[in-house]
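**Student:** Here it is, the structure, as structure tokens.
The values are calculated or read from the model by the stated rules, or taken from the named source; none is laboratory data. All values derive from a computational prediction rather than experimental measurement. In this analysis, Cβ positions are derived from the backbone assuming ideal geometry, glycine residues included, and neighbour counts consider all displayed protein chains. Only protein heavy atoms, including side chains, enter the accessible area calculation; ligands, DNA and RNA are left aside. Shrake-Rupley method; radii C 1.70, N 1.55, O 1.52, S 1.80 Å.
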Amino acid sequence: MAANAEEVTAGAAYRDSRGNRLAREIVLSPDRLVCRDTLEGAFDFATLRWRLPPGDWQLTGNRLHGPGMELEVTVSRAEPAFTLSRDREARDYARLAEVVVLEVTVDRPCHIETRIRF
């Protein structure tokens, strides 16, 4: 993990039992978060999911606008499919709440960069 006066950077990588690999770097600053994912391997598809806070979310192309935030997702070397869906999560024991989920699905190795402005 690296840090300076304005931002903090961290990264990690994971390889699954089939040899597919995800490497992630995150840069956090006072007004934004940038997440860079590199997907490698012989997979049929991969889906990146962003679980969002409650609110009215609007998806236009590769940009998502919501309460006090904007997400922009760019993908290189693949043609992504963007989907806005609803799911449930349990933040407290035995209490389910509905959340909005942005799904970005790709069908080949690529780089995905998500910029979140708040």
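**Student:** Could you tell me which of the residues 100, 104, 75 is touching a residue at least 24 places away in the same chain (Cβ under 8 Å), in a strand (DSSP E or B) and touching a Gly at 6+ places or on another chain (Cβ under 8 Å)?
**Tutor:** Exactly one of 100, 104, 75 is touching a residue at least 24 places away in the same chain (Cβ under 8 Å), in a strand (DSSP E or B) and touching a Gly at 6+ places or on another chain (Cβ under 8 Å), namely 100.
**Student:** Right, residue 115: open to solvent by 60 Å² or more (accessible area, probe 1.4 Å) and within 15 Å of the chain's Cα centre (by Cα) or not?
**Tutor:** Working: open to solvent by 60 Å² or more (accessible area, probe 1.4 Å): yes; within 15 Å of the chain's Cα centre (by Cα): yes.
Taking the combined requirement at face value, the residue satisfies it.
**Student:** Can I ask one more? Does residue 34 satisfy the criteria of being modelled with pLDDT of 95 or more, open to solvent by less than 80 Å² (accessible area, probe 1.4 Å), closer than 16 Å to residue 108 by Cα and among the β-branched types (Val, Ile, Thr)?
**Tutor:** Working: modelled with pLDDT of 95 or more: yes; open to solvent by less than 80 Å² (accessible area, probe 1.4 Å): yes; closer than 16 Å to residue 108 by Cα: no; among the β-branched types (Val, Ile, Thr): yes.
Judged against the criteria, residue 34 is not a match.
**Student:** Among the residues of segment 78-97 satisfying the criterion of being under 16 Å from the mean Cα position of the chain (by Cα) and part of a strand (DSSP E or B), which is surrounded by the most Cβ atoms within 10 Å (Cβ to Cβ)?
**Tutor:** If we take residues in segment 78-97 being under 16 Å from the mean Cα position of the chain (by Cα) and part of a strand (DSSP E or B), then 82 is surrounded by the most Cβ atoms within 10 Å (Cβ to Cβ).
**Student:** Answer yes or no as to whether residue 47 is among the β-branched types (Val, Ile, Thr) and open to solvent by 90 Å² or more (accessible area, probe 1.4 Å).
**Tutor:** On the way: among the β-branched types (Val, Ile, Thr): yes; open to solvent by 90 Å² or more (accessible area, probe 1.4 Å): no.
When the stated conditions are applied, residue 47 does not pass them.
**Student:** Next up: Could you check segment 51-72 and list, in sequence order, the residues that are part of a strand (DSSP E or B) and surrounded by fewer than 13 Cβ atoms within 10 Å (Cβ to Cβ)? So that I can check it myself, show each step before the final result.
**Tutor:** The first filter runs over segment 51-72 and keeps only residues part of a strand (DSSP E or B), leaving 51-52, 58-60, 63-66, 69-72.
Listed by number, the residues that qualify are 51, 58, 60.
**Student:** Now for a separate question. Under 7 Å by Cβ, and 6 or more places apart or on different chains, what pairs join a residue from segment 13-28 that is closer than 26 Å to residue 117 by Cα with one that is among the hydrophobic types (A, V, I, L, M, F, W, C) and open to solvent by less than 50 Å² (accessible area, probe 1.4 Å)?
**Tutor:** Hits for this filter: 13/23; 22/39; 24/35; 26/10; 26/33; 26/35; 27/34.
**Student:** Test residue 2 against the criterion of being of a type in the set (A, V, I, L, M), loosely packed, with under 15 Cβ neighbours inside 10 Å and at pLDDT 95 or above, and give yes or no. Before you say what the answer is, go through the steps one by one.
**Tutor:** Working: of a type in the set (A, V, I, L, M): yes; loosely packed, with under 15 Cβ neighbours inside 10 Å: yes; at pLDDT 95 or above: no.
No.
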